[in-house]
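The values are calculated or read from the model by the stated rules, or taken from the named source; none is laboratory data. Keep in mind that this is a model prediction, so the values were computed, not measured. Every residue, glycine as well, gets a Cβ built from its backbone with ideal geometry; the counts of neighbours run over all protein chains shown. When the accessible area is computed, the model is the full protein with side chains, heavy atoms only, and any ligands, DNA or RNA have been set aside. Shrake-Rupley method; radii C 1.70, N 1.55, O 1.52, S 1.80 Å.
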Amino acid sequence: MDDPRTPLSLRFGPFAFDEADARLLADGRAVGLAPKAFGVLAELLRNAGQLVTKDALLDAVWGHRHVSESVLKTTISELRAALGDDAKSPRWVETASRRGYRFIGPVEGDRNGESDGGAEREAATSMVESSGLIGREAELARLHAAWARASGGQRQLCCVAGEAGIGKTAMIDAFVAALGDAATAHGQCIEQVGEGEPYLPVLDALAGLARTDASLIALLRRVAPTWLLQLPWLIDRDEQERLQAGLANSTQDRMLREFSELVEQLTAVRPLLLVTEDLHWCDEATVRLIDHVARRRPPARLMWIATYRTPELVASEHPLNGLRHELRARRLCEELLLDPFSEAELAVYLSRHRPGLVADEAHVRRLHRQTDGLPLFVANAIDELAAASSEAASSDDWPVPDSLAGVIERQRARLAPEAATLLEAAAVCGVEFECSIVAAMLGLDAAVVAMQCDELARRQAWLAHSVLETLADGTLESRFAFRHALYRQALYQRIAPSTRVGLHRRAAAALGQLRADRIETFAAALALHHERGLEALAAMSAYAAAGERALGRFAPREALLLVTRGLALLDRCPDGEARCVVELALQQMRGASLAQSTGVTTPEGREAYLRCAALCEMLPPTQHRAWVMTGLVWMFIASGEYLQAEAIALRLRVAADVFDDDLLRAAGAVSLAVTLLQRGRLREVLPLVHEARALTEALGHPRLPPTVLHDPSALALGVGAVAHACVGDGEIATEWAAAAVAHAVKIGLPVMRGFTARCASIVDVRFDRAEAVMTRTVRMRELVREHQLGQGEGPSLAMLGWARACTGDAVTGLREVEAGCAAHAATGAWFEASGLQRMAVDAALAAGDTDAARRHLAEGFEMAERLGETLHLPDLWVSDATLAAREGDHAGARSAAGTSARIAREQGALTAELVARLTLCELPDATAADLDALREVRSRWRDTLPWPVLARADALLAS
């Protein structure tokens with residue numbers, strides 16, 4: 001994105017200011033100016049002639065982090081001293097008491113890098129005059145300039161910030177109206193309902209755009225199907241099911257890429273204005289989307305306006321607060337901070353909107369002092385004054401309201417009882433609401449409620465029209481919104497607690513009844529209504545459904561937030577089976593969310609899956625609960641706790657027989673196979689992987705729900721490939737590995753794509769195919785980064801290092817293998833840990849670093865013993881033999897190679913046994929018995945796959 005704030009190059013008086021060169025000259029001589037003072041001057045010059053508030057300066061120059069106004073005051077004094085300015089009689093920098101500062105001197109030069117801003121200011125003035133806005137010319141001029149840049153292909157992100165009631169929406173509405181028939185999409189964040197819903201404001205905007213642009217659905221279908229899936233009301237049920245099947249295991253990164261492609265193709269036809277309001281309530285997924293779009297370099301005729309309340313961002317430590325600072329520092333966004341009315345602007349507002357009121361200076365000053373110039377407060381206060389003016393003898397008798405809440409309360413008191421009741425029910429639903437839901441809550445006809453809301457909106461009292469949409473059954477649904485969130489907040493807070501609880505229960509019942517066909521869409525809203533209706537058990541169930549929906553939007557972090565909120569209600573539920581059932585659903589969703597983000601072996605992941613196991617013990621066994629245990633077995637496998645994993649796998653086998661579930665039988669078989677494989681029991685592994693493969697193929701490789709992350713088909717093929725490689729079936733291993741990778745790509749599950757790629761790489765390592773490992777692990781690391789597979793980082797880096805060491809760059813390779821081993825251990829994952837150490841030994845030997853080789857060898861043996869991971873013991877003993885031979889200890893080398901051969905034969909690991917026997921024969925003191933033993937192992941080798949070790953063995957035996 002091109003910089004919307006091009007570095008300034010200006011002259012004022014004897015001074016020349018060059019922001020790009022960080023230089024201020026006076027009559028050609030450099031003026032010493034500290035960086036912060038230079039930054040303050042730049043901000044004042046950028047807004048020359050306009051008030052820049054203290055908050056705006058602190059935010060722009062210091063990022064508003066732990067800095068008091070006294071620091072700004074000192075910096076202004078430094079700046080004035082450098083400019084030779086006098087605070088009492090300023091020529092350059094004027095103080096606006098208690099508010100901020102203004103650069104008042106004449107400025108020559110280009111302030112925006114393109115024009116003098118005259119056209120933008122003229123357009124802004126026209127907007128203000130036609131809309132009735134007061135004092136927003138400068139901000140509208142900046143928006144107009146940004147739109148001009150966006151129309152030219154320079155994507156723009158504009159943030160409009162200010163406190164509640166400052167007039168953000170009014171200004172944006174005036175700007176949008178001035179654009180005429182330009183393509184616009186508007187989305188709204190809502191505090192009361194849908195909390196934590198991923199991408200809520202952006203989906204709201206896309207849904208609105210689809211109502212006016214029929215071509216959008218086809219474009220979504222072509223370039224952004226994951227987004228179309230989140231808008232199910234735009235497509236029929238059959239298409240929904242096809243999309244769900246095809247996209248079941250997509251990721252949040254895919255959604256980001258698809259949105260970018262959607263925007264770039266959409267704006268190739270015409271510019272688009274995207275407005276998302278009240279982002280202080282938005283979810284983290286939306287924040288990541290903003291970051292992604294802002295950093296994209298390809299041209300797009302997009303202008304994205306985001307509004308928020310800065311104090312709430314800071315107070316809640318919202319992730320958007322840090323992002324806005326970073327984007328501004330990189331000049332990827334422009335922030336407009338709106339100020340309250342000045343006394344002069346308030347007087348203009350009075351004369352324009354209430355010309356019948358007597359507005360003398362003293363009264364204006366009193367009204368400004370009482371309202372702080374907050375536009376929403378001013379507007380409501382003036383309405384109150386107008387209502388009271390007929391009863392007042394003079395303007396001195398007019399009662400100035402002491403708070404905005406007081407104004408709203410008095411306006412509410414004048415409502416007819418039925419209108420007040422309607423608005424309170426609507427306030428329970430949120431800033432936006434559907435008439436049918438409110439009608440069901442009150443036992444009224446939806447058409448009657450729509451008429452009452454329409455009348456309030458027509459009078460511009462309380463409500464504004466939102467949209468009229470057609471539901472799936474063909475009925476029309478009227479949606480309305482409160483004119484400001486503060487109206488809804490004031491109404492909601494005055495409802496008596498017991499009444500409020502009852503209204504939330506009615507809202508939940510109405511949603512369940514009227515939206516049963518797409519209740520998953522409203523799961524988060526339903527959960528919040530149940531929670532505030534003190535129906536904890538129902539709320540927990542709805543939060544579990546909302547979490548599953550978030551996972552469906554490829555947003556595990558948001559799913560985790562929703563699930564955590566549900567679990568927080570546990571103490572409000574009575575003990576019993578129903579509570580255990582709901583907690584199990586939440587804990588399973590928690591484990592799946594963590595597995596897709598931080599990993600299953602983190603303390604939180606372990607806690608979730610262990611709690612699932614405990615809950616399953618408390619509840620009667622069911623087929624679904626047996627599947628819950630698959631998450632636990634893979635948590636133990638990833639942690640290197642193979643005995644515990646074996647116990648759970650055996651229980652899965654029993655459960656599969658009880659419920660006659662062949663897919664569960666396959667999951668149990670392959671889980672058991674992994675635990676046995678890592679402990680070197682190869683003869684028991686092969687029948688299990690063949691059983692699992694046969695079962696899944698007979699079932700047609702069925703898909704599993706998103707909470708089950710380990711696909712039995714992919715696992716059977718991947719584990720089977722490794723097992724066949726160990727027993728000397730190289731061709732079969734290669735075929736199974738390719739099938740595993742292909743199936744994982746087909747189902748799209750990132751966890752399985754990573755696992756099968758790792759299995760295929762292990763096969764390649766086993767047969768010394770370093771180039772193939774290099775190619776595969778490069779792709780594997782791209783997958784890890786793309787999908788944030790934390791537990792794939794270490795193994796992929798270690799394998800890449802092994803391949804690099806084997807292909808000539810041993811020093812770099814060793815460094816990467818060591819970093820990969822450390823990264824793997826840091827996640828709490830120990831699966832295949834001894835195998836990674838064996839790769840580190842190979843890399844160290846290639847680098848000629850015998851100390852490092854000996855260190856990693858010792859670590860490998862220690863891990864194999866501690867974990868019971870004996871699969872790689874033959875490899876470690878061969879490495880020990882190689883190292884001993886290099887050090888001249890031939891007796892030690894013979895002993896180590898002999899131990900390797902013995903263990904490999906016990907395991908049935910023909911591949912490792914052949915390597916061990918060849919190592920013995922290549923020692924200087926090799927005997928005829930060694931050659932006979934090698935010849936016997938070679939006679940059992942039936943595979944024709946090319947392998948350097950096999951070629952060396954044949955050459956040795958032939959000589």
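Scanning region 787-807 for residues that are among the polar types (S, T, N, Q) and either closer than 15 Å to Asp764 by Cα or touching a Lys or Arg at 6+ places or on another chain (Cβ under 7 Å) (or both), which turns out least open to solvent (accessible area, probe 1.4 Å)?
Step one: filter region 787-807 for residues among the polar types (S, T, N, Q), giving 788, 791, 796, 807.
Restricting the remaining residues to those that are either closer than 15 Å to Asp764 by Cα or touching a Lys or Arg at 6+ places or on another chain (Cβ under 7 Å) (or both) gives 796, 807.
Numbers: Ser796: 0, Thr807: 62 Å².
The residue in question is Ser796.
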Open item on the list: Need the failing condition index for Gly32 against (1) in a loop (DSSP other than H, G, I, E, B); (2) under 26 Å from Cys333 (Cβ atoms), just the number.
Closed with: (2)
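Might you let me know whether region 181-201 holds any residue that is within 12 Å of Leu273 (Cα to Cα) and surrounded by fewer than 18 Cβ atoms within 10 Å (Cβ to Cβ)?
As a first pass, look at region 181-201 and keep what is within 12 Å of Leu273 (Cα to Cα): 181-187.
Filter once more, so that each one left must be surrounded by fewer than 18 Cβ atoms within 10 Å (Cβ to Cβ): 181-182.
Yes, because at least one residue in region 181-201 is within 12 Å of Leu273 (Cα to Cα) and surrounded by fewer than 18 Cβ atoms within 10 Å (Cβ to Cβ).
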TODO: Specify which of the listed residues (Arg91, Arg102) is open to solvent by 60 Å² or more (accessible area, probe 1.4 Å), at pLDDT 85 or above and outside any loop (DSSP other than H, G, I, E, B).
DONE: Arg102
Task: Only listed residue being open to solvent by less than 10 Å² (accessible area, probe 1.4 Å) and not in a helix (DSSP H, G or I), chosen from Thr226, Thr307 - done: Thr307
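Kindly provide the set of residues from region 229-243 that are part of a helix (DSSP H, G or I) and either at pLDDT 90 or above or under 23 Å from the mean Cα position of the chain (by Cα) (or both), ordered by number. Step through it out loud before you land on a result.
The initial filter retains those residues of region 229-243 that are part of a helix (DSSP H, G or I), namely 229, 232-234, 237-243.
Listed by number, the residues that qualify are Leu229, Pro232, Leu243.
So that you can scan it fast, the table gives a plain yes or no per residue for (1) basic (Lys, Arg); (2) part of a helix (DSSP H, G or I); (3) surrounded by fewer than 22 Cβ atoms within 10 Å (Cβ to Cβ):
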| position | (1), (2), (3) |
| --- | --- |
| Met255 | no, yes, no |
| Gln265 | no, yes, yes |
| Leu274 | no, no, no |
| Thr286 | no, yes, no |
| Leu289 | no, yes, no |
| His292 | no, yes, yes |
| Arg297 | yes, no, yes |
| Met303 | no, no, no |
Open item on the list: If I ask for residues that are in a helix (DSSP H, G or I), open to solvent by 20 Å² or more (accessible area, probe 1.4 Å) and over 20 Å from His624 (Cβ atoms), which ones from region 551-581 would you list?
Closed with: Arg557, Leu560, Leu561, Thr564, Arg565, Leu570, Asp571, Arg572
Open item on the list: If I filter region 125-151 down to residues being modelled with pLDDT under 75 and part of a helix (DSSP H, G or I), which single residue comes out as surrounded by the most Cβ atoms within 10 Å (Cβ to Cβ)?
Closed with: Met127
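I'd like to know if region 857-870 contains one or more residues that are among the β-branched types (Val, Ile, Thr) and touching a residue at least 60 places away in the same chain (Cβ under 8 Å).
Of all residues in region 857-870, those among the β-branched types (Val, Ile, Thr) come to 870.
Pick out the ones that are also touching a residue at least 60 places away in the same chain (Cβ under 8 Å) and you get 870.
Scanning region 857-870 turns up at least one residue that is among the β-branched types (Val, Ile, Thr) and touching a residue at least 60 places away in the same chain (Cβ under 8 Å).
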- [ ] Mind listing whichever residues of region 401-453 are β-branched (Val, Ile, Thr) and either modelled with pLDDT of 90 or more or not assigned by the TED database to the domain that holds Ala481 (or both)?
- [x] Thr421, Val428, Ile437, Val438, Val448, Val449
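With respect to Leu376, determine if the residue is under 35 Å from the mean Cα position of the chain (by Cα), open to solvent by 10 Å² or more (accessible area, probe 1.4 Å), at pLDDT below 90 and outside the structural domain of Phe480 (by the TED database). Explain how you work it out, then say what you get.
Details: under 35 Å from the mean Cα position of the chain (by Cα): yes; open to solvent by 10 Å² or more (accessible area, probe 1.4 Å): yes; at pLDDT below 90: yes; outside the structural domain of Phe480 (by the TED database): yes.
Here the answer is yes, as Leu376 does meet what is asked.
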Open item on the list: Going through Glu43, Glu69 one at a time, which residue ends up being among the acidic types (Asp, Glu) and at pLDDT 85 or above?
Closed with: Glu43
Open item on the list: Suppose we filter region 533-550 for residues that are out of contact with any His (no Cβ under 6 Å at 6 or more places or on another chain) and either part of a helix (DSSP H, G or I) or among the aromatic types (Phe, Trp, Tyr) (or both); how many remain?
Closed with: 12
- [ ] Under 9 Å between Cβ atoms, at least 6 apart or on separate chains: pull out the pairs that start in region 753-778 with a residue that is in contact (Cβ under 8 Å) with a residue 40 or more places away in the chain and outside any helix (DSSP H, G or I) and end on any residue that is open to solvent by 50 Å² or more (accessible area, probe 1.4 Å) and among the β-branched types (Val, Ile, Thr).
- [x] Phe767/Thr734
TODO: Might you check whether a residue that is at pLDDT 80 or above, under 25 Å from Ala34 (Cβ atoms) and in contact with a Gly (Cβ under 6 Å, 6 or more places away or on another chain) occurs anywhere in region 76-88?
DONE: no
- [ ] Inspect region 787-810 for any residue being among the charged types (D, E, K, R), touching a helix residue (DSSP H, G or I) at 6+ places or on another chain (Cβ under 6 Å) and assigned by the TED database to the domain that holds Gly848 and give the result as yes or no.
- [x] yes
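With the structure loaded, tell me whether Leu923 is open to solvent by less than 20 Å² (accessible area, probe 1.4 Å), not charged (D, E, K, R) and not in a helix (DSSP H, G or I) or whether it fails that test. Give the steps one after another, and end with the answer.
Values: open to solvent by less than 20 Å² (accessible area, probe 1.4 Å): yes; not charged (D, E, K, R): yes; not in a helix (DSSP H, G or I): yes.
Taking the combined requirement at face value, the residue satisfies it.
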TODO: Look at region 244-273 and say how many of its residues are at pLDDT below 80 and more than 14 Å from the chain's Cα centre (by Cα).
DONE: 6
- [ ] Return the pairs, sorted by first residue and then second, in which the second residue is at pLDDT below 80 and assigned to a loop (DSSP other than H, G, I, E, B), the first residue lies in region 1-21 and is within 28 Å of Pro298 (Cα to Cα) and among the small types (Gly, Ala, Ser), the beta carbons are less than 9 Å apart, and the residues are 6+ apart or on different chains.
- [x] Ser9/Ala20; Ser9/Asp21; Ser9/Gly113; Ala20/Thr6; Ala20/Pro7
Open item on the list: Can you find, within region 770-786, the residue that is nearest to Ser597 (Cα to Cα) among those that are crowded, with 22+ Cβ neighbours inside 10 Å and out of contact with any Gly (no Cβ under 7 Å at 6 or more places or on another chain)?
Closed with: Thr777
TODO: Return the total of residues in region 583-605 being surrounded by fewer than 21 Cβ atoms within 10 Å (Cβ to Cβ) and in a helix (DSSP H, G or I).
DONE: 2
Task: Within region 808-826, considering residues that are among the charged types (D, E, K, R) and in a helix (DSSP H, G or I), the one most open to solvent (accessible area, probe 1.4 Å) - done: Arg815
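Taking Leu219 as the residue in question, decide whether it is over 30 Å from Ala485 (Cβ atoms) and either open to solvent by 20 Å² or more (accessible area, probe 1.4 Å) or not assigned by the TED database to the domain that holds Gly153 (or both). Don't jump to the end; show me each part of the working.
Details: over 30 Å from Ala485 (Cβ atoms): yes; either open to solvent by 20 Å² or more (accessible area, probe 1.4 Å) or not assigned by the TED database to the domain that holds Gly153 (or both): yes.
Yes: the conditions hold for Leu219.
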Task: Given (1) over 21 Å from the mean Cα position of the chain (by Cα); (2) in contact (Cβ under 8 Å) with a residue 40 or more places away in the chain; (3) surrounded by 21 or more Cβ atoms within 10 Å (Cβ to Cβ), number of the condition Ala178 does not satisfy - done: (3)
